[in-house]
Amino acid sequence: MHGRLHHVGPVIIDVVMEVDSVPVPGGGAFASSVVTLPGGGFNVIAAAARAGMEVVYGGAHGTGPNGDLVRAALRDEGVAVAHPPRPEDTGFCVVMVDSDAERTFVTRLGAEVDLPLADLRRLRPASGDFVYTVGYSLLPGERADELATWLEGLADGTRLVLDPAPVAGMIPTRTLERVMPRVEVLSLGSDEAATLSDETDEEKAAALLVERIAPGGVVVLRRGARGCLVAREETGVVPVPAFPVSAVDTNGAGDAHVGVFTAGLSRGTDPVEAAPKDDSGR
């Protein structure tokens, strides 16, 4: 195994409720089940760790029941925590999962968004290590500016992984201009790719985005049940088929995908082979 993953995105708590359908505005619904568990960046962390990668959580976390739950879950995955807790508790997200396994969510942010430059500079990713962040951490604000400053200054050989997330269109253009040239792995869904490239054709969008990241970098455009596209300058855009599953909950599916993909890259696996794919190997 080569290279650790330093995760500097937010880990929050998900309160997941199964409903027949999401209520209309002003309406209501009964949940058939409710579970409280760590979410957000934890899905990336757990996927990478379970795929055999050493992971360090370099993000912020809070003091209180939510923060306690986050730290316990990270400990159970064998993940080191780089910083002490903040005085505020970790935030949470209410997730409604309907009968089609689609999810709708509302988030209340907390201590996980308070990650100052001084704390980031205490992290020491080495050459060959990976640093992961997410679009939520790049939304307008002082902490996003400090994160961009730190990312710009990453040592040569440290590989930045970015998932712009559904908030891709809310990230300031100037912030993207600072961060994107440093990105070596850009993992995103079709909607985010269209937002960032102004191109609705998925293959064209992936090709355009390759031109905006670091030379030699890779774009992974996730397409749900249709698998993903893996795009690089030297190979062009390669479709990778998904393996068949019975969907239970799509919450965190993209996060798990990028976690496993990054773990594969850390072993020196070719990007097309590192992408989770159909067992037939097509």
Residue under question is Glu112, and the condition is that it be under 16 Å from the mean Cα position of the chain (by Cα) and either crowded, with 16+ Cβ neighbours inside 10 Å or assigned to a helix (DSSP H, G or I) (or both); does it hold?
yes
Got at least one residue in segment 242-252 being assigned to a strand (DSSP E or B) and either at pLDDT 95 or above or within 28 Å of Pro140 (Cβ to Cβ) (or both)?
no
Exactly one of Thr133, Thr104 is more than 25 Å from Gly264 (Cβ to Cβ) and among the polar types (S, T, N, Q), and that one is Thr104
At least 2 residues that are among the aliphatic types (A, V, I, L, M) in each: list the strands (runs of 3 or more DSSP E) lying fully within segment 1-82 that qualify.
11-18, 33-40, 55-57
Checking Leu74 against (1) surrounded by fewer than 19 Cβ atoms within 10 Å (Cβ to Cβ); (2) closer than 23 Å to Ala126 by Cβ, the condition it does not meet
(1)
Cβ-Cβ distance below 8 Å, separation of 6 or more or different chains: which pairs start in segment 163-186 with a residue that is under 21 Å from Gly254 (Cβ atoms) and open to solvent by 40 Å² or more (accessible area, probe 1.4 Å) and end on one that is assigned to a helix (DSSP H, G or I) and hydroxyl-bearing (Ser, Thr, Tyr)?
Gly169/Thr195
If you check every pair at least six apart or on different chains, which have Cβ atoms under 7 Å apart with a residue in segment 30-58 that is more than 13 Å from Val11 (Cβ to Cβ) first and a residue that is of a type in the set (Lys, Arg) and outside any helix (DSSP H, G or I) second?
Glu54/Arg4
Within segment 189-211, residues touching a helix residue (DSSP H, G or I) at 6+ places or on another chain (Cβ under 7 Å) and closer than 25 Å to Gly268 by Cβ come out as Ala206, Leu209
In segment 145-185, the residues that are over 17 Å from His6 (Cα atoms) and of a type in the set (Gly, Ala, Ser)
Ala165, Ala168, Gly169
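The values are calculated or read from the model by the stated rules, or taken from the named source; none is laboratory data. It should be emphasised that the depicted structure is a prediction, and the values quoted were computed from it without experimental measurement. Quick reminder, even Gly has a Cβ in these numbers, built from the backbone with ideal geometry, and neighbours come from all protein chains shown. The protein model used for the area step is the full one, side chains on, heavy atoms only, and it has no ligands, DNA or RNA in it. Shrake-Rupley method; radii C 1.70, N 1.55, O 1.52, S 1.80 Å.
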